[in-house]
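Remarks on the structure that follows.
The values are calculated or read from the model by the stated rules, or taken from the named source; none is laboratory data. From a predicted model like this one, the values you see are computed outputs, not experimental measurements. Cβ: placed from backbone, ideal geometry, glycine included. Neighbour counts: every protein chain shown.
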Amino acid sequence: GQQVMQIPQYQHVQEGEDFTTYCNSSTTLSNIQWYKQRPGGHPVFLIQLVKSGEVKKQKRLTFQFGEAKKNSSLHITATQTTDVGTYFCAGGGSQGNLIFGKGTKLSVKP
Amino acid sequence: NAGVTQTPKFQVLKTGQSMTLQCAQDMNHEYMSWYRQDPGMGLRLIHYSVGAGITDQGEVPNGYNVSRSTTEDFPLRLLSAAPSQTSVYFCASSYSRRGADNEQFFGPGTRLTVL
């Protein structure tokens, strides 16, 4: 079946450093969504990208959707301790469901 | 609005027991889904529903049943609990019948341990 691969699995950064997580799919995705899950919490929607080559920014977060609609990235500039959590990408599959990547767990050392 | 609510928050079962995880939403969403989250495995879709009276299987449906008699409620039944079903279970809903088209709202989760 369709799969969305996400790397890295873990990332440890010093506060103030940048962070990037990547998603790749073997098939074309209808869209890509990003979620953040704080430790002990539930996933919370961050953003959706639909168009080929789309780039969206939310303060220090930059989201990109690849030209072929098979890959995406989330970049955080100058991480803060409030950025700690697991970031998931989720691609729109052929049956209309979301296919989640396994997530990147970000830890930030003050 | 309460959003998506789940009960119970925690549950411990013995192997072979059955139970129902409750999920309700008050946003009049068409699409509802159940995911399980295991360490290092991300979120895997168990069952989903695109409206009252309609359910379908996701990626990992074995050992689980669902029903959708109303728009608001989407319970998940474990027929005969097994240790492999120890996990965190999330219910989610979204506005459109295609769950991938809009943001999904997640409930707080149920942490289930099967001994």
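Report yes if A:T28 is among the hydroxyl-bearing types (S, T, Y), within 14 Å of another protein chain (Cβ to nearest Cβ) and either surrounded by 15 or more Cβ atoms within 10 Å (Cβ to Cβ) or on the phi > 0 side of the Ramachandran plot (or both), otherwise no.
no
Filter segment A:72-110 for residues that are part of a loop (DSSP other than H, G, I, E, B), within 11 Å of another protein chain (Cβ to nearest Cβ) and either in contact with a Leu (Cβ under 7 Å, 6 or more places away or on another chain) or touching a residue at least 60 places away in the same chain (Cβ under 8 Å) (or both) and give the result.
Result: A:G93, A:S94, A:N97, A:G101, A:K102, A:G103.
So which residues in segment A:27-48 are outside any strand (DSSP E or B) and closer than 20 Å to B:G3 by Cβ, if there are any at all?
Matches in segment A:27-48: A:R38, A:G40, A:G41, A:H42, A:P43.
Within segment B:18-27, is even one residue closer than 30 Å to A:P8 by Cβ and either in contact (Cβ under 8 Å) with a residue 40 or more places away in the chain or among the polar types (S, T, N, Q) (or both)?
No, segment B:18-27 has no match at all.
So, in segment B:70-106, exactly how many residues are part of a loop (DSSP other than H, G, I, E, B) and within 20 Å of B:P39 (Cβ to Cβ)?
Residues that pass the stated criteria total 3.
If I ask for residues that are under 23 Å from A:Q9 (Cβ atoms), in a strand (DSSP E or B) and free of Cβ contacts under 8 Å to residues at least 24 places away in the same chain, which ones from segment B:35-69 would you list?
Residues satisfying the conditions are B:G42, B:R44, B:L45.
Being under 16 Å from the mean Cα position of the chain (by Cα) and hydrophobic (A, V, I, L, M, F, W, C) is the filter; apply it to segment A:8-44 and report the residue that is nearest to B:R36 (Cα to Cα).
Going through the qualifying residues, I end up with A:V44.
If you go through segment B:67-75 one residue at a time, do you hit one that is of a type in the set (G, A, S) and either more than 12 Å from chain A (Cβ to nearest Cβ) or surrounded by fewer than 16 Cβ atoms within 10 Å (Cβ to Cβ) (or both)?
yes
Taking the condition surrounded by fewer than 19 Cβ atoms within 10 Å (Cβ to Cβ), at pLDDT below 95 and more than 15 Å from the chain's Cα centre (by Cα), does B:S96 pass?
yes
Got a sec? Which of A:Q95, A:Q11, A:Q37, A:Q2 is in contact with a Gly (Cβ under 8 Å, 6 or more places away or on another chain) and surrounded by fewer than 19 Cβ atoms within 10 Å (Cβ to Cβ)?
Only one candidate passes the filter, namely A:Q2.
Give me a count of the residues in segment A:53-85 that are under 26 Å from B:Q57 (Cα atoms) and of a type in the set (S, T, Y).
0
What are the residues in segment A:48-63 that are within 12 Å of chain B (Cβ to nearest Cβ) and surrounded by fewer than 17 Cβ atoms within 10 Å (Cβ to Cβ), if any?
The answer is A:V50, and nothing else.
Looking for whichever is in a strand (DSSP E or B) and over 24 Å from B:G109 (Cα atoms) here; the options are A:K51, A:K56, A:K69. Which one fits?
After ruling out the rest, the residue left standing is A:K56.
Are there any pairs, at least 6 apart or on different chains, whose C-beta atoms fall under 8 Å, with the first in segment B:99-111 and more than 7 Å from every other protein chain (Cβ to nearest Cβ) and farther than 25 Å from B:P83 by Cβ and the second surrounded by fewer than 23 Cβ atoms within 10 Å (Cβ to Cβ) and among the charged types (D, E, K, R), and if so, which?
Nothing qualifies.
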